[in-house]
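So that we are looking at the same thing, I have put the structure below in structure tokens.
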Amino acid sequence: MRGNSDLSETYPFSVAPANGWGNPNPSEEWVIANDAAIGKAVKIEADGSFEDVEYLDATRFSDASTAAIASGRIAKQYKLAA
């Protein structure tokens, strides 16, 4: 029996190419996907709040590591609100 969860610290948020996995990503941008909502990504507002939107409208990041850091912040906020 395993004592550790299979879920990451950022679940349900993960980093994904800007157009979603399996789609061309010519801009090489990244978004934060919400795995709890099919086909949705996160738009981060100026005040730090966020909402689920289509991938096209999601906040874009220039690299995956920056998106991963933001994903951690969003996950922490999400867990505190639950």
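Just so it is clear, none of the values below were taken in a lab; they were calculated from the coordinates. Nothing here was measured: the structure is a model prediction, and the numbers come from that model. We place every Cβ from the backbone using ideal geometry, glycine too, and count neighbours over all the protein chains shown.
For residue 57 and residue 73 in one chain, what is 0.36 nm times their gap in residues minus the Cα-Cα distance, to one decimal in nm?
Answer, rounded to one decimal: 3.8 nm.
Next question, about the same structure. For every helix of n ≥ 4 consecutive DSSP H residues, a contribution of -39,500 (n - 2.57) applies; sum these over the chain, divide by its total residues, and give [θ] at 222 nm rounded to the nearest 500 deg cm²/dmol.
So the calculated ellipticity at 222 nm is -7500 deg cm²/dmol.
Next question, about the same structure. Residue by residue, what Karplus-based ³J(HN,Hα) values in Hz, rounded to whole numbers, does region 15-23 have, using 6.51, -1.76 and 1.60 with θ = phi - 60° and x for Gly and Pro?
Residue by residue, region 15-23 yields 8, 9, x, 4, 9, x, 5, x, 10 Hz.
How do 51, 29, 45 line up, fewest other C-beta atoms within 10 Å first?
45, 51, 29
Further question on the same structure: Note down the magnitude of the dipole of the chain about its Cα centre, charges +1 on Lys and Arg C-beta and -1 on Asp and Glu C-beta and zero elsewhere, to the nearest 20 debye.
It comes to approximately 300 debye.
Once amide H atoms are built 1.01 Å from N in the peptide plane, which residues 5 or more positions from residue 60, or in another chain, come under 5 Å H to H?
Hits under the 5 Å cutoff: none.
Here's something else I'd like to know. Quickly work out the residue 9-to-residue 65 label distance, labels modelled 7 Å from Cα along the C-beta direction, and quote it in nm with one decimal.
So the label points at residue 65 and residue 9 sit 1.6 nm apart.
Mind checking the angle between helix 64-81 and the chain's longest principal axis? C-alpha axes, 0 to 90 degrees, to the nearest 10.
50 degrees
Which aspartates and glutamates, if any, have their Cα less than 19 Å from the Cα of residue 76, not counting same-chain residues under 8 positions apart?
6, 9, 35, 45, 47, 51, 52
Can you put 30, 21 in order of Cβ neighbours within 10 angstrom, beginning with the fewest?
Result, fewest neighbours first: 21, 30.
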